[in-house]
Every structure is written in C-alpha cells, then in structure tokens.
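Working notes, beginning with the structure itself.
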Amino acid sequence: MRKNTILFGMAAIALTLGSCGSNASEASGADSVATADSTATTYTVDAASSSIGWLGTHAVGTGDHHGTIGIKEGSLSLTNGEITAGSFVIDMASIKCTDSLPAEYLTKLHGHLAAEDFFNTAKFATAKFEITHCEVAANETASGDNTHLISGNLTIKDSTKNITFPAKVTVGETVTATGQVVINRLDWGINYDKENMTLAEAAQKKLKNGVVSKDITLTFNLTAKK
C-alpha cells in the first residue's frame, strides 16, 4: 500500500504543470498567420539567449515547480520599428525542471514530462508559436512594463490554439520580447489520455486531473538579432 501511495505521489507531482489561479488566457481556434511585407527587416532569434519558463503546481496549492524549455530557431519581422510577423520553434525535448531536487527524482520527473501522457516528445519533438497579430498596448490594457499585445497560434503536440498576452518589446540592434501567459493544458490535450486504459488507469487519470491544476504559466523570453 505504501509503495502504491509513493508511486502515485511521484506521478502526481511530475504532472504538475499548472499555476494556481483562474486567470488562464482564453484560447481560441487557430487564426491566420501574419506575413511580412517587402520592406520588413528580419531578425533571427538567438536560441542561446532565448527560452520559455514554465510554472506549475497542484490545484490544492501543495507546492509548485519551475522549469525551462529551449528555443530551437525562429525569426521576427519588423516594419518601422514594430513587429509585424514572426515565429519560433520550441525544443520540447529540452524541457526540464530547475527546482533543487535530488537527481534521481529529477530524472523520473523529466521522464514523465517526455512521456505520452504529457508532451510525447518522441513523437512531437517540437512545438511552435506563430504571430497572428501584434499591436502597441493601449494604456488601459498595458500592465507594468508591458508595451504590446501579441496574439499567435501556439501548437503543442497536434493541437493549435490562438492565445493573446501582453509583452514588453524593445527594439534596437537587438530585439527583445518578454511576455507571460497562463494557458489551460487541457486545450492542448495534456490530460493523461491514453488508449486502451484499464478501469483502474481511467480512475487514476480522473483523480490526477482533479488534483493537478489545469493552468500552466509560460514566460517567453526572446532575443533576436539582425
């Protein structure tokens, strides 16, 4: 009994990819991807200095986990100093937890994240974000240091949804864009679904999905150069 309890606890914590709170961005169907005109200047995303941070916790607030996901490649198009189009590829195989935890635990956690119930990185090695719209944030929608509202199609596994979030954009010889968004993992099929489940497995899935928050906080940090 103790062994089963420990195993379940490990699995539940490993599936902790949601932030507390209910301020998840409303995801909608995929929108038309923005295209740059002939006058646009292209900046190449610097993968070495770009990344995505993630934050997750149990729905009951029993702890949280932090981690990172690498950026593989991408580009931003600017016209008159404003972002008009762009996309970047996310290296899902690089997902990791950055908490101070025993090495054995982290190894198991990373294995869970890569498994079919989560991101299935063997089949879906990359995810993608494609800008559909970017505009200067009005005073009433800007918050903190944020300067813009960015909308884009986020593809994870085989699901594509459109999300919108505020971001701080700076433009010079280098373009930086930093923004945070809370998404509902169920919109992208990150929900323990498995074919040919036994009744016991189905019951565990239902229990786990009730314990682990549906929300994931993603923090985009992009740096692009000419």
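No lab work stands behind these numbers, since they all come straight from the coordinates. Quick caveat: nothing in here was measured; it's all calculated off a predicted structure. Methodologically, a virtual Cβ is constructed for each residue, glycine included, from the backbone with ideal geometry; neighbour enumeration extends over all protein chains shown.
What are the trypsin sites (Lys or Arg not before Pro) within the stretch 60-125 that DSSP puts in a loop, where the Cβ has at most 10 other Cβ atoms within 10 Å?
Here the trypsin sites (Lys or Arg not before Pro) that fit, given the DSSP loop and packing criteria, are Lys123.
Compare the peptides 168-178, 144-154 by average per-residue count of other Cβ atoms within 10 angstrom and give them in order, highest first.
Most protected by this proxy first, the peptides run 144-154, 168-178.
For Thr79 and Asn221, compute 0.36 nm times the residue count separating them, minus their Cα-Cα distance, and round to one decimal in nm.
Computed gain between Thr79 and Asn221 is 49.0 nm.
Can you sort Thr84, Thr219 so the residue with the fewest Cβ neighbours within 10 Å comes first?
In increasing order of surrounding Cβ atoms, one gets Thr219, Thr84.
Simple spin-label model, 7 Å along Cα-to-Cβ: Thr42 to Asp99 in nm?
4.2
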